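Reviewing the structure listed below.
The values are calculated or read from the model by the stated rules, or taken from the named source; none is laboratory data. Just so we're clear, the structure is a prediction, and the values are computed from it rather than from any experiment. Using ideal geometry, Cβ is built from the backbone for each residue, glycine included, and neighbour counts are taken over all protein chains shown. All accessible areas refer to the heavy atoms of the entire protein, side chains included, with ligands and DNA or RNA removed. Shrake-Rupley method; radii C 1.70, N 1.55, O 1.52, S 1.80 Å.
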Amino acid sequence: MTAYFEFDSWLAARISGAGQPSDIHGGPPGVDQRAIARLIKQPESAQVDWVKKRIKVIEGTHCA
């Protein structure tokens, strides 16, 4: 689930054009929002590589 939450947080940050606002605390369990904020400042190619890794983890997760 963490990979899904990370992907979801990255997607929301990409849509908004910024990371989590400094006055907002918390978020999905296990997600480092500061890491997501740093990620969306990386070149597109680095973000695509990260997304591919997260999707691979999500696809490999067995549903209960």
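Once the Cα atoms are used to define both axes, helix 44-59 deviates from the longest principal axis of the chain by about 40 degrees. Globularity index of the chain is 1.12 (Cα radius of gyration / 2.2 N^0.38 Å, N = number of residues). Annotation: extensible slack from TYR4 through GLN47 equals 14.0 nm (criterion: 0.36 nm per residue apart, minus Cα-Cα distance). Placing +1 on each Lys and Arg Cβ and -1 on each Asp and Glu Cβ, with no other charges, gives the chain a dipole about its Cα centre of roughly 160 debye.
A 1.4 Å probe run over the protein chains yields, for the chain, 75 Å² of accessible area per residue, whole-number rounding.
Ranked by the mean number of other Cβ atoms within 10 Å of their residues, highest first, the peptides 44-51, 9-16 come out as 9-16, 44-51. Between ALA35 and SER16, full extension at 0.36 nm per residue minus the direct alpha carbon distance yields a gain of 5.2 nm. Other residues lying with their Cβ under 13 Å from the Cβ of GLN47 contribute a combined charge of +3, Lys and Arg counting +1, Asp and Glu -1.
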